[in-house]
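Peer 1: The following block contains the structure, expressed as structure tokens.
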Amino acid sequence: PERPRAARVCEHLGVELRADPVDREVYFRLWPAAVYANDRPNYFPQNVVATAVAETVRKDGFKVLLNGDGADELFGGYSWYVTAYELWRRRRQRAAWVRDNRVFRALGRLHPWLRPIDLDVLARRPFTRDRSAEQDAWAERQTCVLSDRWELRQEALFRRLDALPRHEDRAFLARSFQDVYVHLGESLDSNDRMAMAQSVEARVPFLENDLIDYGLHLPCHAKYHRG
């Protein structure tokens, strides 16, 4: 899905798009090299692809790459931020319509959506019921491999953002700030290892100090608006 976008950017800038296909044979040829360079089991599936790009860059005679690390965390690029946002938007709307009274408590026994909810109670574990089974398995891998404080930090960030009036904004930003702590750190280290193994330096323009400060302080509606 990224290639058509890259093609549009290259067309706009008037530069050549150099595509480097990674088929099954290439993937399994580079897999041992990626594991060796990473000095541990490969957690990110893109490690092999990053190795392929760095290898091609080296063969083409270039020594420095610019990559997009940090852009998703700073500017809301990952789909799980939207998942958290939509979960809390629905919760807030439900709490506004389904009041905690005797009528709705009785109706809630007939249909779970009509059962009143307490946003303050849900906010203590803000991300416990927003994932499919597949996403749960992914979250478990994140917890095991990246940090045993994964969920706890998200909850702490959600509480720190309680000055924001809308719960969904808090959820979106808490998820993205959590990735700055854990996901981004692991990604930077891994991508750097893949590039340096090919004697290529990968630089990260989105992680310039002023740009980080700008991205972290942007309001949620500047990062996610109407989908």
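The values are calculated or read from the model by the stated rules, or taken from the named source; none is laboratory data. What you see is a predicted model, and the numbers here were worked out from it, not measured in a lab. Positions of Cβ are backbone-derived with ideal geometry, glycine not excepted, and every protein chain shown enters the neighbour counts. Side chains are part of the model used for accessible areas, which takes the heavy atoms of the whole protein and leaves out ligands, DNA and RNA. Shrake-Rupley method; radii C 1.70, N 1.55, O 1.52, S 1.80 Å.
Peer 1: How about region 1-56: which of its residues are touching a residue at least 24 places away in the same chain (Cβ under 8 Å) and either farther than 20 Å from residue 195 by Cβ or small (Gly, Ala, Ser) (or both)?
Peer 2: 33, 34, 37, 50, 52, 54
Peer 1: Starting from region 75-90, keep only residues that are within 21 Å of residue 207 (Cα to Cα), then list their pairs with residues that are acidic (Asp, Glu) and open to solvent by 40 Å² or more (accessible area, probe 1.4 Å) whose Cβ atoms are within a distance under 9 Å, requiring at least 6 positions of separation or different chains.
Peer 2: 78/72; 81/72
Peer 1: Quick one: residue 183 ticks every box in (1) under 13 Å from the mean Cα position of the chain (by Cα); (2) over 21 Å from residue 51 (Cβ atoms) except a single one, so which number is it?
Peer 2: Answer for residue 183: the failing condition is (2).
Peer 1: Step by step: first the residues of region 178-208, then only those that are in a helix (DSSP H, G or I) and free of Cβ contacts under 8 Å to residues at least 60 places away in the same chain, then the one that is surrounded by the most Cβ atoms within 10 Å (Cβ to Cβ). Which residue is that?
Peer 2: 178
Peer 1: Give me a count of the residues in region 78-117 that are in a helix (DSSP H, G or I) and at pLDDT below 65. Walk me through it before giving the result.
Peer 2: Kept after step one, since they are in a helix (DSSP H, G or I), are these residues of region 78-117: 79-97, 102-107, 112-114.
In the following step, the residues that additionally are at pLDDT below 65 were identified as 103-107, 113-114.
Of the residues in region 78-117, 7 are in a helix (DSSP H, G or I) and at pLDDT below 65.
Peer 1: Still on this structure, please answer the following. Do we find a residue being open to solvent by 80 Å² or more (accessible area, probe 1.4 Å), at pLDDT 85 or above and in contact with a helix residue (DSSP H, G or I) (Cβ under 7 Å, 6 or more places away or on another chain) anywhere in region 62-69?
Peer 2: Scanning region 62-69, I find at least one residue that is open to solvent by 80 Å² or more (accessible area, probe 1.4 Å), at pLDDT 85 or above and in contact with a helix residue (DSSP H, G or I) (Cβ under 7 Å, 6 or more places away or on another chain), so the answer is yes.
Peer 1: Further question: Could you go through region 155-171 and let me know if any residue there is of a type in the set (Phe, Trp, Tyr) and either open to solvent by 70 Å² or more (accessible area, probe 1.4 Å) or modelled with pLDDT under 80 (or both).
Peer 2: Within region 155-171, the subset of a type in the set (Phe, Trp, Tyr) is 158.
Still in the running and either open to solvent by 70 Å² or more (accessible area, probe 1.4 Å) or modelled with pLDDT under 80 (or both): none.
The answer is no; no qualifying residue exists.
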